[in-house]
Amino acid sequence: VTTRDGDAVLTGEELAADQTRPLLGKPTQCVGREAELGVLDTLLTSCIDDQEVTTAIVVGAPGIGKSRLRHEFLRRLKSRGVEGTLLLGHATTIGSGQPYSLISDAIRRLCGLRGGEQMSVQRERLQQRVSERLAEADRARVVGFLGEMCGIPFPLEHSQQLRIARSDARLMAKQITIALSDFLKAESAERPVLLVI
């Protein structure tokens, strides 16, 4: 919410991973989840120390507190000063059944894209953020294929491989997977990467 000429104007959705959890206007404590939080903390610590991929899947009935567990885990990491790249993807009914919808949402959020920006702005932000840690030889290819995955298509002259893959769905899927893998490897070589979907 911003102020224009003395009026409050809603300008967009807050994309922060750590929104407060108020009840009657006051933040609530997270209770009864120390065991799960301990397991997640141990997994993350061993992942960082051993430099290995680790996966945790939290399942439960609707309303059991999965989102609250995620919220509390991320809040605690932030308060402890754990540095890394957070990729936070949310499921939507619009993305239902679409391949890569969760990871593309996470990458769009990482790039600060809310969904209403002009295509040129989306391309620029994606290219700038994704290219930060990639080798120069890989940048155009990885950015082009991640753009396809995120619904931010680049012009055909951006990459020869992209031009070829647009006419072959299997090749496109394979190249997107390779580009995503290259991006995650480059990110995790510098700092831990936490993907939460």
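A Gaussian network model of the chain, with springs between Cα atoms under 10 Å, assigns the largest mean-square fluctuation among GLU34, GLU187, GLU132 to GLU34. Is region 83-197 best put as rounded, prolate or oblate by its Cα gyration tensor, with a ≥ b ≥ c the root eigenvalues, rounded for a/c under 1.5, and otherwise prolate when a/b is larger than b/c, oblate when not? Rounded, because the longest to shortest axis ratio a/c is under 1.5.
Computed per residue of the chain from DSSP H runs no shorter than four, each worth -39500 (n - 2.57), the mean residue ellipticity at 222 nm is -16000 deg cm²/dmol. Note on the chain: lysine pairs with Cα distance below 27 Å, sequence gap of 8 or more or different chains, count 5. Within region 37-84, all pairs of alpha-carbon atoms sorted by distance into 10 Å bins from zero give the percentages 23, 52, 22, 2. Computed on protein heavy atoms with a 1.4 Å probe, the accessible areas place ILE197, ILE103 in the order ILE197, ILE103, largest first. With Cα atoms defining each centre, region 123-139 and region 43-116 are spaced 22 Å apart in the structure. In degrees from 0 to 90, rounded to the nearest 10, what is the angle of the helix 101-110 Cα long axis to the longest principal axis of the chain? Around 80 degrees separate the two axes. Dipole orientation for region 44-197: of the candidates ALA173, ILE57, ALA140, ILE57 has the Cα lying most toward the positive pole (charges on Cβ; Lys, Arg +1; Asp, Glu -1).
The values are calculated or read from the model by the stated rules, or taken from the named source; none is laboratory data. Model, not experiment: these values are computed from the prediction. Using ideal geometry, Cβ is built from the backbone for each residue, glycine included, and neighbour counts are taken over all protein chains shown. For the accessible areas, the whole protein counts, side chains as well, though only heavy atoms, and no ligand, DNA or RNA atoms are used. Shrake-Rupley method; radii C 1.70, N 1.55, O 1.52, S 1.80 Å.
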